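Student: This structure is in structure tokens; I'll ask about it shortly.
The values are calculated or read from the model by the stated rules, or taken from the named source; none is laboratory data. None of these values were measured; they are calculated from a predicted model. Cβ placement follows ideal geometry from the backbone for every residue including glycine, while neighbour counts extend to all protein chains displayed.
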Amino acid sequence: ISGRWNQYHGLVTGPSPAAVSGSSRTVSPFAPADVLAPRIGAAIEAAFGAEYAGVDPLLRPSQFADLQANVALSLAKKVGAKPRDVAEKIVAALDVSDLASSVEISGPGFINLTLSPGWLSGAATSMAGDERLGVPRQERQIVPIDYSAPNVAKEMHAGHLRTTVVGDSLARTLEHLGHQVIRQNHIGDWGTPFGMLIEHLLDVGETSDEATLLEVDPNSFYQHAREKFDSDPAFADRARGRVVKLQAGDAPTLAVWNRLVGLSKVYFNRIYSALDVTLTDGDLAGESMYNDQLQAVCDELEDRGIAVISDGALCVFLPGYTGREGKPVPLIVRKSDGGYGYGTTDLATVKYRVQQLHANRILYVIGSPQSLHLNMVWDTARAAGWLPDDVEVVHVQIGNVLGSDRKMLRTRSGNPLRLMGLVDEANTVARKVIDEARPDLDEAIRAEIAPQIGVGAIKYADLSVAHDTEYVLDLERMVSLTGNTGPYLQYAAARIHSIFRNAGMAPDAATAPIVVAEAAERDLVLALLQFGSTVALVGDALEPHRLAGYLFELAQAFSSFYEKCPVLKADDAAVRDSRLALSALTLRVLTQGLELLGIRSPERM
Ligand code: ARG
């Protein structure tokens, strides 16, 4: 079954390249396209024979009906008949009397299907009774996700923000779909700069104010070490000697290194907790973790002739990797000075994730510029037999976040962005917005929800654009309560909470059957029924922006429903109860959807 069936009504736009290639899809029990597709498939088989089983019915949203099947046009060529006749034959064999109120053929042979109010009502009511809200449980895979990966004694930058937020949302979504996610925070905690960093830490003392900089302003600590390294030859010598000791596993050196990494962890964890992401110390699997495997990686490659010595370095030359003038570009696995590089460690990550973690699918949520690096690593691992064909590796490419000048993101004072500063700024703007919009709310509530709104705004701005495209960060717009923003969605959910407060009942108590009568109810139900297939699509295509876009359209559908269909003031008790149930279902979908994006839903705002 093709993941493309999941696209509907522009909620999900454009074909998804990743979705097309994946393994077998899971379908949602309520999504109209997922329910109709097998029926059309059965009709095609009945009309044209078993050899046409499994043909994609090419269901599309349409202006003329809820869904349009375009399969007759492509099938016509294969069976040698006119598309219109093919469509008629399919329709004659089609049994959808329980689903559709009309089936019509238009144009050259499009099959237009309109869902019946009875089926929509039943599907919405069943969805409300389903604790998973139609989100399928997929066949369990082991999925290591490499994301966040900041560097010790370095500031986290906007790129790290994005991999953290996207990776976290993918982790939540895949877990919710039933997979075993293993978070792998591949921090940069090893390499030559550590000689200089350790010496500097020894000079200033582990409990000094300078050392504390590592917890709050790591770049300054790094710069101070660097300045000494560049200006003081004796210090530079000590630093070089320290690298040798570190690599040799000298115990006192390792103890200081550990302290350095520990101080950096404090910094990372402050940001993770401010950003409200799921990463913990238990997810750290940094570069240093692979130290004792690097020599074996090199030996194995060399013994098997996959790597060769070139200019003193151990290199892998892979077919297809050439630079200017056709010069081959190697993956260097051991430098001429004997040191190992970023690529060697990443080869070890592949081995570890396949052999130790038993991964079925490995995600690398990393900046787009590292695509060549990753492909060389994977191709080398394939050549070495460390990456079997049935293990899927994916580079979830992360695009740039830009400032308003479309250049690198900077703070208002012109310095390179500090992530903590951005979070603080967003929370400050959020507090201002909520103070202006809801001066009637208790001070304590406003103080509590401001960071949920600020962080929600940052995350949504990031997750609502495709992860591989760049976007311009605009704080004022992101934190606005109107438009395609996180706070708008949070506000939509809070508004539904307030309907229930006014009704004097808990949303969970609204369990009446849902009856679809008005057009606005129909549109809202059509949107709601897409939730399960949208979440499944995010898991398959690894594109959280599809869920973000879906939630935005859902919130808009709710807004027009609420405008056109009185809920508490409905004349008829059954209608009121149905609309309350519809509101409660919308609330659950919004809350669950936002949670998968890593965004909280305050009950009041
Ligand atoms: N630490 C690297 C950086 O800041 C990212 C590491 C990504 N993960 C990996 N397995 N290479 O750019």
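Table: residues versus (1) in a helix (DSSP H, G or I); (2) assigned by TED's automatic domain parsing to the domain that holds Lys228; (3) of a type outside the set (Phe, Trp, Tyr).
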position: Gly134; (1), (2), (3): no, no, yes
position: Arg137; (1), (2), (3): no, no, yes
position: Ala153; (1), (2), (3): no, no, yes
position: Gly159; (1), (2), (3): yes, no, yes
position: Leu170; (1), (2), (3): yes, no, yes
position: Gly178; (1), (2), (3): no, no, yes
position: Thr207; (1), (2), (3): no, yes, yes
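Student: Within region 142-160, can you find the residues that are within 12 Å of the ligand (Cβ to nearest atom) and not small (Gly, Ala, Ser)?
Tutor: Within region 142-160, Pro144, Ile145, Asp146, Tyr147, Pro150, Asn151, Val152, Lys154, Glu155, Met156, His157, His160 meet the criteria.
Student: When you go through (1) buried (at least 22 other Cβ atoms within 10 Å of the Cβ); (2) part of a loop (DSSP other than H, G, I, E, B) one by one for Gly191, which number turns out not to apply?
Tutor: It fails just one condition, (1).
Student: Still on this structure, please answer the following. Can you give me the ranges of the strands (runs of 3 or more DSSP E) entirely in region 48-122 with at least 3 residues that are outside the structural domain of Leu529 (by TED's automatic domain parsing) and touching a Pro at 6+ places or on another chain (Cβ under 8 Å)?
Tutor: In region 48-122, 67-69 are the strands (runs of 3 or more DSSP E) which contain 3 or more residues that are outside the structural domain of Leu529 (by TED's automatic domain parsing) and touching a Pro at 6+ places or on another chain (Cβ under 8 Å).
Student: Can Arg140 be described as on the phi < 0 side of the Ramachandran plot and free of Cβ contacts under 8 Å to residues at least 60 places away in the same chain?
Tutor: Yes, satisfied.
Student: Answer yes or no as to whether Trp386 is among the hydrophobic types (A, V, I, L, M, F, W, C) and more than 12 Å from the ligand (Cβ to nearest atom).
Tutor: It is true that Trp386 is among the hydrophobic types (A, V, I, L, M, F, W, C) and more than 12 Å from the ligand (Cβ to nearest atom).
Student: Those residues that are surrounded by fewer than 20 Cβ atoms within 10 Å (Cβ to Cβ) and either farther than 23 Å from Asp523 by Cβ or touching a strand residue (DSSP E or B) at 6+ places or on another chain (Cβ under 6 Å) (or both), I need them from region 27-38; list them, please.
Tutor: Pro38
Student: Just checking, how many residues over region 463-479 are at pLDDT below 95, closer than 14 Å to Val429 by Cβ and in a loop (DSSP other than H, G, I, E, B)?
Tutor: So the answer is 2.
Student: Something else about it: Could you check Thr280 against (1) at pLDDT 95 or above; (2) more than 26 Å from the chain's Cα centre (by Cα) and say which number it fails?
Tutor: The failed condition is (2).
Student: Then there's this: Any idea how many residues of region 173-182 are surrounded by fewer than 22 Cβ atoms within 10 Å (Cβ to Cβ) and either among the polar types (S, T, N, Q) or over 11 Å from Ile142 (Cα atoms) (or both)?
Tutor: Of the residues in that region, 2 qualify.
Student: So Ala536 passes all but one of these: (1) over 14 Å from the mean Cα position of the chain (by Cα); (2) of a type outside the set (D, E, K, R); (3) surrounded by 18 or more Cβ atoms within 10 Å (Cβ to Cβ); (4) farther than 23 Å from Arg162 by Cβ. Which condition number does it fail?
Tutor: Every condition holds for Ala536 apart from (1).
Student: Shifting gears a bit: Given the residues Gly403, Gly367, Gly399, which is the only one that is within 11 Å of the ligand (Cβ to nearest atom) and touching a residue at least 24 places away in the same chain (Cβ under 8 Å)?
Tutor: Answer to the selection: Gly367.
Student: Val433: away from the ligand (no atom under 16 Å from the Cβ), modelled with pLDDT under 95, part of a helix (DSSP H, G or I) and more than 19 Å from the chain's Cα centre (by Cα), yes or no?
Tutor: So Val433 fails the test.
Student: Quick check, is Leu294 under 29 Å from Glu543 (Cβ atoms) and within 16 Å of the ligand (Cβ to nearest atom)?
Tutor: The answer is no for Leu294.
Student: (1) surrounded by 24 or more Cβ atoms within 10 Å (Cβ to Cβ); (2) modelled with pLDDT of 95 or more: which one isn't true of Glu131, the others all being true?
Tutor: All conditions pass for Glu131, except number (1).
Okay, residues lined up against (1) over 27 Å from Thr278 (Cα atoms); (2) in contact with a helix residue (DSSP H, G or I) (Cβ under 9 Å, 6 or more places away or on another chain); (3) not in a helix (DSSP H, G or I):
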| position | (1), (2), (3) |
| --- | --- |
| Met420 | no, yes, no |
| Asp440 | yes, no, yes |
| Pro451 | no, yes, no |
| Arg522 | yes, yes, no |
| Leu526 | yes, yes, no |
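Student: Filter region 162-194 for residues that are within 13 Å of the ligand (Cβ to nearest atom) and among the acidic types (Asp, Glu) and give the result.
Tutor: Matches in region 162-194: Asp189 only.
Student: Just to be sure I understand the filter: pairs with C-beta atoms under 7 Å, separated by 6 or more residues or on different chains, first member in region 38-50 and more than 13 Å from Glu88 (Cα to Cα) and without any contact (Cβ under 8 Å) to a residue 12 or more places away in the chain, second member outside any helix (DSSP H, G or I) and hydrophobic (A, V, I, L, M, F, W, C). Which pairs pass?
Tutor: Glu45/Ala53
Student: Here is a further query. Failed condition for Gly241, given (1) within 16 Å of the ligand (Cβ to nearest atom); (2) of a type in the set (Gly, Ala, Ser); (3) assigned to a helix (DSSP H, G or I), with all others met?
Tutor: Only one criterion in (1) within 16 Å of the ligand (Cβ to nearest atom); (2) of a type in the set (Gly, Ala, Ser); (3) assigned to a helix (DSSP H, G or I) is unmet by Gly241, namely (1).
Student: Go through region 209-254 and give me each residue that's among the β-branched types (Val, Ile, Thr) and either in the same structural domain as Met156 (by TED's automatic domain parsing) or under 23 Å from Asn291 (Cβ atoms) (or both).
Tutor: Passing the criteria: Val243, Val244, Thr253.
Student: Another one. Do the conditions hold for Trp386, that is, is it in a loop (DSSP other than H, G, I, E, B), touching a residue at least 12 places away in the same chain (Cβ under 8 Å) and aromatic (Phe, Trp, Tyr)?
Tutor: Here the answer is yes, as Trp386 does meet what is asked.
Student: Then there is this: Given (1) within 16 Å of the ligand (Cβ to nearest atom); (2) in contact (Cβ under 8 Å) with a residue 24 or more places away in the chain, identify the lone condition not met by Gln356.
Tutor: Just one mismatch for Gln356, condition (2).
Student: Can you tell me which of Ile309, Ile271 is of a type in the set (A, V, I, L, M) and free of Cβ contacts under 8 Å to residues at least 24 places away in the same chain?
Tutor: Going through Ile309, Ile271 in turn, the sole match is Ile309.
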